[in-house]
Each structure stands twice: as C-alpha cells, then as structure tokens.
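Inspection log for the structure reproduced underneath, given as structure tokens.
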Amino acid sequence: MALIEVKVPQLSESVAEATLLQWHKKAGEAVARDENLIDVETDKVVLELPAPAAGVLAQIVKGDGSTVVADEVIALIDTEAKAQAGAAPAAASAAAPAAPAAAAAASAAPSSVSPAPAAPAAGAGGSASGAAGGGARGGIAMPAAAKMMAETGLTPAQVTGTGRDGRITKGDVAGAAAAGAGGAAAAAASAALTPAALASPAAPAPAAAPRAAARPSLQEVKAPVDLSALLEGRPEQRVPMSRLRQRVAERLLQSQATNAILTTFNEVNMQPVMDLRKRYQERFEKEHGVRLGFMSFFVKAAVHALKKYPVVNASVDGTDIVYHGYFDIGVAVGSPRGLVVPVIRNADQMSFAQLEKQIADFGKRAQDGKLGIEELSGGTFSISNGGVFGSMLSTPIINPPQSAILGVHATKERPVVENGQVVVRPMNFLAVSYDHRIIDGREAVLFLVAIKEALEDPSRLLLDL
C-alpha cells in the first residue's frame with residue numbers, strides 16, 4: 001500500500017481557514033490524477049482541489065462542512081489499490097451523505113407491512129415532471145448548490161439540474177429537498193393504508209400525514225429559504241451565513257467603524273458616451289471580439305480623475321498615508337455566492353477593448369465560481385454599479401483598506417436645463433464615498449467633477465485633459 005496525502009492548498013495571507021463543501025468521490029472509489037476531489041470554500045472564492053495522484057480514495061479524514069487550514073490532511077489516496085465494485089463506502093467515509101428521508105421511512109416500517117410504491121422514491125430525488133421537463137440528473141453542481149447538497153444530504157444523482165448545460169442550481173437542490181420530504185410523508189401514508197396497519201386501533205387517519213407534512217417545521221434547518229412555504233402560517237427558517245457572507249459582513253462593519261465615511265453626489269449627462277457607443281459599437285465588436293459597454297468608460301474616467309487627485313487613490317496605514325503609484329481598480333460583480341470585487345491590475349495601461357474583455361471575463365468566472373484568490377485581493381479604488389439592478393441612488397461603503405469608492409446608478413431620461421431651455425437627457429447620478437480622515441471635501445468634489453467632465457466629453461480621456 002502506497003498512501004498519498006491530500007492536503008488543503010495554500011491560502012492567501014488574509015485567509016486563515018476554509019470550509020469543505022462536498023466530496024465528489026467516496027472512499028473506495030477510483031480517482032484520476034488532477035481530478036477534482038472536493039470544492040473548498042474560502043472567504044473569497046471556491047477552490048477546486050485536484051487529486052495529487054491516481055489511485056483509490058482510501059480514506060476521507062475530513063468530511064463535508066469541516067473547517068480546515070492550509071496544508072491540513074483531509075484524505076488519503078492509495079496509489080496501488082484498485083476500486084472494488086459494489087463496495088459500500090459509507091462506513092469508511094466521514095463525508096457520506098445521510099440516507100434520503102423516503103428510504104428512512106420505508107426501512108422503519110414493520111416487516112409485515114407491504115413496501116411503499118415506487119413513487120415516493122422518485123420524489124426523494126426530484127419530481128418526475130422535473131425529469132421529463134428536460135433537466136439532467138447527476139450534472140455539475142454550482143458551488144452554492146454543492147454546499148446545499150452537502151448540508152441536506154443529497155447527491156448530484158438525486159437532483160435534476162435545470163441550469164445551463166444541466167448544471168444544478170440552488171433552486172434545484174431546494175426543490176429536491178422539498179420533494180424528499182413529500183416522499184417521506186407519502187411513504188408513511190401508504191404504510192398506514194395497508195391491511196396490517198388498518199387492523200391496529202392506533203392507526204392514524206389516512207389524511208393526517210399529508211396534512212401535517214404540508215406545514216413546514218419551525219426547527220432550525222440548513223436548507224435555502226423556501227419563500228413559497230413562508231407564505232403559509234407563521235413559520236421560520238434559520239439558514240447559516242456562507243463563509244463569503246460572513247467575511248463581507250465583517251469587512252463592512254470594519255469599514256464603518258474605522259473610516260470617517262462621507263458621500264458626495266453629482267449627475268452626469270450620458271448622451272455623449274451613448275452617441276459614441278452607438279457610432280462605433282458594430283466596428284468595435286468586429287475588431288476586438290467584445291461589445292463596447294459602459295463600464296470601460298467609468299473605469300477610464302475614474303483613472304483619469306485619480307491621476308488628478310492621487311489622495312483618492314491612497315490608503316491609511318496607522319498614522320501614515322500610503323500613495324499608490326499604480327491604479328488597480330476593483331469592479332463589483334454579482335455571483336451565486338454573493339458580491340465579489342475582482343481587481344483590474346494596472347487599469348491605466350489598458351485600452352477600452354482590454355478593459356471590456358477583462359470585465360466580461362470577471363463576470364463569467366464569477367458566475368462559475370472560478371475567480372482566484374489573487375484576483376480578489378488588493379485594489380486601490382473600487383467601482384460599484386448598482387444601476388444594473390435599477391438602483392437610482394445609493395451611498396456605497398468603502399472597501400478597506402481603500403479610501404474611496406465610486407457608485408454608478410441607472411441612467412434615466414430626465415428634464416434638465418441647458419442654455420435656459422428645458423430638454424430631456426439620459427442622466428446618471430454618481431456617488432463617491434470617501435474617508436474624510438485623509439480626503440477633504442474639496443478634493444472629493446473636484447474628483448467627482450473630473451469624472452463628470454470626462455464622461456460628458458469623452459475626448460478628454462484620449463487627450464488626457
């Protein structure tokens with residue numbers, strides 16, 4: 001026997017520990033070199049942990065949901081063994097999921113009772129209608145869905161994926177979990193209708209089990225919130241924060257507690273940018289293979305203003321002000337795990353096409369949970385675009401240790417006065433929250449004015465005026 005240790009990979013300096021989401025292999029199963037064994041969730045990203053060698057997963061030391069640190073041994077691989085067909089790995093694996101509720105109910109029934117029909121078993125893994133609707137079972141689970149499956153004891157084979165390419169989403173897991181509970185109730189009802197059960201004076205009324213199952217329990221659960229269930233009666237569900245959400249909450253409180261945050265506002269006429277995009281959109285996409293969006297203009301305008309007012313690009317370190325001679329711009333994007341802020345390094349040296357490609361890549365990989373820790377670290381200034389969700393105005397919170405953040409909102413046509421005449425223009429409210437400890441109101445206001453002027457006259461960005 002030649003055992004190879006599977007260890008937690010190195011984490012970034014700011015990340016002390018991680019959580020194991022779900023093992024993709026069970027003890028006794030064969031694994032290939034570089035095959036993903038388990039997803040590891042940190043405060044910032046979800047990492048895939050590949051197998052260091054080919055062989056058989058001999059032992060799982062740390063199960064699903066365990067908290068681990070860098071270099072900790074979580075499993076052993078036997079490079080000389082061969083997988084045994086029909087082996088029951090559940091006893092050897094700390095990560096083996098719990099049996100579905102329907103199977104538990106069936107096994108608890110007396111031997112004299114007729115077995116429950118096959119319908120409840122199908123319900124435990126997902127509704128028959130869902131399978132007929134084109135979903136795929138055993139598909140790739142999104143990171144958030146994988147965590148929920150680990151918490152609810154479901155496996156990919158029990159969930160019908162309705163996402164892109166059959167991917168399993170959080171909603172799919174929630175539906176499978178609910179179907180499993182319904183399957184258990186149906187099994188109990190079926191057992192109650194057998195002759196042996198009806199002969200007993202203590203047998204419950206047939207309608208009692210389904211009726212009770214219709215109301216959710218008030219116990220603590222780890223499944224996602226089922227809003228449809230919450231509409232009936234006064235039930236509650238308790239869902240633990242993900243590691244990312246805990247980290248976000250911690251950093252937001254830190255920002256509010258350590259920064260003297262003040263926000264200044266201005267409005268910008270987006271017509272010049274919209275006209276420029278309309279004029280060159282088709283040629284730009286044909287030449288560079290990416291659409292010309294608005295975010296590249298906001299990034300360019302922000303860098304343009306940061307060069308004029310470098311203290312906005314600075315940070316506080318104790319009693320020192322650290323001025324950064326580079327421009328690493330964080331761009332907030334949504335992901336299934338929550339808001340993340342990947343960083344565009346050296347944004348001042350990038351063209352519009354490079355910026356658009358980088359932003360599009362960040363958005364896609366954020367949805368797939370493929371962003372690396374190094375891409376979410378650092379940054380000298382951030383941009384948050386709440387306008388994509390319809391936000392009209394907000395006061396963004398600084399992302400520490402940065403000293404300022406730009407909030408972009410929805411562009412709407414509004415009446416404005418130009419040369420004494422009321423005209424309709426596509427207007428956007430901009431907001432800059434800044435740390436008043438090192439940035440004075442004058443600098444913050446002029447910084448935002450510089451962004452406004454650059455967007456209302458994009459030629460300034462080319463001529464550096």
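The values are calculated or read from the model by the stated rules, or taken from the named source; none is laboratory data. Note that this is a predicted model, so its numbers are computed, not measured. Counting neighbours? That spans all protein chains shown, and the Cβs are built from the backbone with ideal geometry, glycine included. Accessible surface areas use protein heavy atoms only, side chains included; no ligands, DNA or RNA. Shrake-Rupley method; radii C 1.70, N 1.55, O 1.52, S 1.80 Å.
Among the residues of the stretch 302-334, the ones that are among the small types (Gly, Ala, Ser), touching a residue at least 60 places away in the same chain (Cβ under 8 Å) and in a loop (DSSP other than H, G, I, E, B) come to 1 in all.
Restricting the stretch 402-417 to residues that are farther than 22 Å from Val445 by Cβ and in a strand (DSSP E or B), the residue that is most open to solvent (accessible area, probe 1.4 Å) is Glu413. Screening Ile329 with (1) open to solvent by 70 Å² or more (accessible area, probe 1.4 Å); (2) touching a strand residue (DSSP E or B) at 6+ places or on another chain (Cβ under 7 Å); (3) of a type in the set (A, V, I, L, M, F, W, C) gives one miss only, at (1). Counting only residues that are in contact with an Asp or Glu (Cβ under 9 Å, 6 or more places away or on another chain), part of a helix (DSSP H, G or I) and either under 14 Å from Gly293 (Cβ atoms) or touching a residue at least 40 places away in the same chain (Cβ under 8 Å) (or both), the stretch 335-372 holds 3 of them.
Which one of these is free of Cβ contacts under 8 Å to residues at least 40 places away in the same chain, open to solvent by 50 Å² or more (accessible area, probe 1.4 Å), under 30 Å from Ser377 (Cα atoms) and not polar (S, T, N, Q): Arg442, Arg437? I'd like the intermediate steps shown before the answer.
Numbers: Arg437 fails: free of Cβ contacts under 8 Å to residues at least 40 places away in the same chain.
Among Arg442, Arg437, only Arg442 is free of Cβ contacts under 8 Å to residues at least 40 places away in the same chain, open to solvent by 50 Å² or more (accessible area, probe 1.4 Å), under 30 Å from Ser377 (Cα atoms) and not polar (S, T, N, Q).
Name the residue that is surrounded by the most Cβ atoms within 10 Å (Cβ to Cβ), counting only residues in the stretch 360-401 that are of a type in the set (Phe, Trp, Tyr) and modelled with pLDDT of 90 or more.
Of the residues in the stretch 360-401, the ones of a type in the set (Phe, Trp, Tyr) are 362, 381, 389.
Filter again for modelled with pLDDT of 90 or more, leaving 362, 381.
Numbers: Phe362: 22, Phe381: 28.
Only one residue tops the list, namely Phe381.
Among residues of the stretch 418-433 being over 19 Å from Asp275 (Cα atoms) and β-branched (Val, Ile, Thr), the one that is most open to solvent (accessible area, probe 1.4 Å) is Val422.
Report yes if some residue within the stretch 74-96 is at pLDDT 85 or above and within 30 Å of Leu339 (Cβ to Cβ); otherwise report no. Within the stretch 74-96, one or more residues are at pLDDT 85 or above and within 30 Å of Leu339 (Cβ to Cβ). Just one of the listed residues (Ala431, Ala454) is more than 19 Å from Ile344 (Cα to Cα) and touching a Phe, Trp or Tyr at 6+ places or on another chain (Cβ under 6 Å), namely Ala431.
Would you say Glu267 is part of a helix (DSSP H, G or I) and of a type in the set (Asp, Glu)?
Values: part of a helix (DSSP H, G or I): no; of a type in the set (Asp, Glu): yes.
So Glu267 does not fit the description; no.
Of the residues making up the stretch 233-252, those that are in a loop (DSSP other than H, G, I, E, B) and open to solvent by 40 Å² or more (accessible area, probe 1.4 Å) are Gly233, Arg234, Glu236, Gln237, Arg238, Val239, Pro240, Met241.
Quick grid of which residues meet (1) modelled with pLDDT of 90 or more; (2) touching an Asp or Glu at 6+ places or on another chain (Cβ under 8 Å); (3) within 24 Å of Glu151 (Cα to Cα); (4) β-branched (Val, Ile, Thr):
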{"residue": "Met1", "(1), (2), (3), (4)": "no, yes, no, no"}
{"residue": "Ser14", "(1), (2), (3), (4)": "no, yes, no, no"}
{"residue": "Gly28", "(1), (2), (3), (4)": "no, no, yes, no"}
{"residue": "Leu49", "(1), (2), (3), (4)": "no, yes, yes, no"}
{"residue": "Ala54", "(1), (2), (3), (4)": "no, no, no, no"}
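For the stretch 3-71, please list each of the strands (runs of 3 or more DSSP E) lying entirely inside it that holds at least 2 residues being buried (at least 16 other Cβ atoms within 10 Å of the Cβ) and among the polar types (S, T, N, Q). Spell out the reasoning first.
Details: elements: 3-7, 18-23, 36-41, 46-50, 55-60.
Output list reads 18-23.
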